[in-house]
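*Asks:* For reference, the structure I am asking about is given below.
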Amino acid sequence: MSTPEERIRELGIELPEVVPPVASYVPTARTGSLVYTAGQIPLVKGELGATGKVGAEVSAEEATRQARICALNAIAALKAEVGELSRIVRIVKVVGFVASAPDFHGQPQVINGASDLLAEVFGDAGKHARSAVGVAVLPRDVPVEVELIAEVG
């Protein structure tokens, strides 16, 4: 079985630098065997991929792609905290926030972008409990934000 880093390369993905905090927090916090990531927004090399509400300015398909970027940023934060991603025993929980137009109800499908990437990278260890929450607005007017909790061995 390949390592998470090898699977990332096989997927043709480049693990980004950790997104620096935009306020008063740290990218990760570790307690015991658990690592919590801060909420990750869809920044790529300092640039936002999309802004606006899903179901209005942003399509559900685009938001799903943005959720995948959020998850990749969370993986980068995990790697910076634990060193090798093979130390991740399990992704325990994912919380996804979707800035939603009032009549948009597809939050779970949007957050599948993050969940699917985690399963691709970590295999069975990437399968997790999850919440997908519709919200009025997110920082910097992004359409999606993702945070996660991982168990480290």
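The values are calculated or read from the model by the stated rules, or taken from the named source; none is laboratory data. Predicted model only: the values in this text are computed from it and were never measured. Backbone-built Cβ (ideal geometry, glycine too); neighbour counts: all protein chains shown. Only protein heavy atoms, including side chains, enter the accessible area calculation; ligands, DNA and RNA are left aside. Shrake-Rupley method; radii C 1.70, N 1.55, O 1.52, S 1.80 Å.
*Asks:* Going through the range 84-96 one residue at a time, which ones are crowded, with 19+ Cβ neighbours inside 10 Å, closer than 14 Å to Thr3 by Cα and touching a Gly at 6+ places or on another chain (Cβ under 9 Å)?
*Replies:* Passing the criteria: only Ile88.
*Asks:* For the range 100-128, give me the residue count where each residue is open to solvent by less than 30 Å² (accessible area, probe 1.4 Å) and out of contact with any His (no Cβ under 8 Å at 6 or more places or on another chain).
*Replies:* Residues flagged as open to solvent by less than 30 Å² (accessible area, probe 1.4 Å) and out of contact with any His (no Cβ under 8 Å at 6 or more places or on another chain) within the range 100-128 amount to 14.
*Asks:* Sticking with this structure for a sec: Residues that are over 19 Å from Val26 (Cβ atoms), at least 3 per element: which strands (runs of 3 or more DSSP E) completely within the range 50-153 meet that?
*Replies:* The strands (runs of 3 or more DSSP E) meeting that bar are 88-99, 129-135.
*Asks:* Sticking with this one: Would you point out which residue out of Glu81, Glu6, Glu57 is at negative phi, open to solvent by 20 Å² or more (accessible area, probe 1.4 Å) and touching a strand residue (DSSP E or B) at 6+ places or on another chain (Cβ under 6 Å)?
*Replies:* Glu81
*Asks:* Also, I was wondering about something else. Is one or more of the residues making up the range 51-68 in contact (Cβ under 8 Å) with a residue 24 or more places away in the chain and touching a Lys or Arg at 6+ places or on another chain (Cβ under 8 Å)?
*Replies:* Yes, because at least one residue in the range 51-68 is in contact (Cβ under 8 Å) with a residue 24 or more places away in the chain and touching a Lys or Arg at 6+ places or on another chain (Cβ under 8 Å).
*Asks:* Here are some conditions: (1) under 25 Å from Ser2 (Cα atoms); (2) without any contact (Cβ under 8 Å) to a residue 60 or more places away in the chain; (3) of a type in the set (A, V, I, L, M); (4) in contact with a Lys or Arg (Cβ under 7 Å, 6 or more places away or on another chain). Ile111 meets all but one. Which one does it not meet?
*Replies:* Tallying (1) under 25 Å from Ser2 (Cα atoms); (2) without any contact (Cβ under 8 Å) to a residue 60 or more places away in the chain; (3) of a type in the set (A, V, I, L, M); (4) in contact with a Lys or Arg (Cβ under 7 Å, 6 or more places away or on another chain), Ile111 fails exactly one: (1).
*Asks:* Quick check on this structure: which one of Val35, Val26, Val92 is under 26 Å from Asp141 (Cβ atoms) and of a type outside the set (Ser, Thr, Tyr)?
*Replies:* The conditions single out Val26.
*Asks:* Just the residues that are open to solvent by 20 Å² or more (accessible area, probe 1.4 Å) and in contact with a helix residue (DSSP H, G or I) (Cβ under 7 Å, 6 or more places away or on another chain), please, taken from the range 129-146.
*Replies:* Scanning the range 129-146 gives Arg130, Ala132, Val133, Gly134, Glu145.
*Asks:* Across the range 17-48, what is the number of residues that are part of a loop (DSSP other than H, G, I, E, B) and crowded, with 17+ Cβ neighbours inside 10 Å?
*Replies:* As a first pass, look at the range 17-48 and keep what is part of a loop (DSSP other than H, G, I, E, B): 17-27, 32-33, 38-39, 41-42, 45-46.
Applying the additional criterion that residues be crowded, with 17+ Cβ neighbours inside 10 Å yields 18-19, 27, 38-39, 41-42.
The total comes to 7.
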